Each structure stands twice: as structure tokens, then as C-alpha cells.
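Each remark here refers to the structure printed beneath this line.
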Amino acid sequence: MAKIRRLVLDVVIPTASEVTKLTQDLADLHNVSGVSSFVNEFDKKVINIKIIMAGLDLDLKAIEKIVDSHGGSIHSIDSVAAGKEIIEDVVTPQD
């Protein structure tokens, strides 16, 4: 089976959680080469974050476990790249 190379996740965590610590914990996972987190929305109770992860073989179960340990949840998987190389999005007439 092809290995997951990049994930774009919509994650919700409690306001009391630290975005920097979550990002560091995700980056410490095996086979992760980089993680970027972008805060989309911040309110009294929750923070909505877009997380982009890249690596050689991303483990979604391990990622979910880290997010859960911060009191959060993965709201959606917005993009997945798998295989020998990452194919970038291109604009087509259908877009």
C-alpha cells in the first residue's frame, strides 16, 4: 500500500491547549519531516487550526492520538498525498 506523504487537517482543540505544543508533538512523530499549523478561528471555547504535515509515511492513528491527547479532534481531512512523490494541485477549467 502507498505511504501517506502529506496531510492537510482541519483540527479543533480547546482554547486552553497550546498550538505550539501540539505542533511540536506532531513533529516529533516517527517519519514526520515537518508540520505547519495555522489558526483559522479562535473563540472562547475552541481554536480551529489548519495543520499541514509532510513525511515519508504518516500514521493517521498516531496523529489522532496526539490530537486527542491535547483535548482536540480532527474535524476533517482536507487533503491527502500518497505515493512516491507529492502531486501539487493545479487549476483546471472545471475549477
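Please give the length that would be gained between residue 90 and residue 10 if that part of the chain were fully extended, namely 0.36 nm times their separation in residues minus their C-alpha to C-alpha distance (nm, one decimal).
26.7 nm
Between helix 60-69 and the chain, what is the angle of the helix's C-alpha long axis to the longest principal axis, kept within 0 to 90° and rounded to the nearest 10?
For helix 60-69, the angle is close to 10 degrees.
Excluding same-chain residues fewer than 8 positions from residue 50, which aspartates and glutamates have a Cα within less than 20 Å of its Cα?
Candidates past the 8-residue exclusion: 10, 18, 25, 28, 41, 59, 64, 68, 78, 88, 89.
Counting Lys and Arg as +1 and Asp and Glu as -1, each charge on the Cβ, what is the dipole of the chain about the Cα centre in debye, to the nearest 20?
Dipole of the chain, to the nearest 20 debye: 180 debye.
Over region 39-95, what per residue volume does the convex hull of the Cα atoms give, in whole Å³?
121 Å³
Could you order the peptides 55-68, 80-93 from most to least packed, using the average number of other C-beta atoms within 10 Å per residue?
55-68, 80-93
With a bin width of 5 angstrom, please list the P(r) values of the chain as percents of all Cα-Cα pairs, from the 0 bin to the one holding the largest distance.
3, 13, 25, 23, 16, 10, 6, 3, 0
Note down the relative contact order for region 4-82 as a percent, whole number, built from C-alpha pairs under 8 angstrom at least six residues apart.
Normalised by residue count, the contact order of region 4-82 is 50 percent.
Using 7 Å Cα-to-Cβ label points, what is the residue 18/residue 41 separation (nm, one decimal)?
Each label point lies 7 Å from its Cα, and together they span 2.6 nm.
Distance from the Cα centre of region 4-29 to that of region 70-87, in angstrom?
If you average the Cα positions of each part, the centres end up 11 Å apart.
Read-outs: derived from the displayed coordinates by stated rules, not from any lab. As the structure is a prediction and not an experimental result, all values here were calculated from the model. Note: ideal-geometry Cβ built from the backbone for every residue, glycine included; neighbour counts use all protein chains shown.
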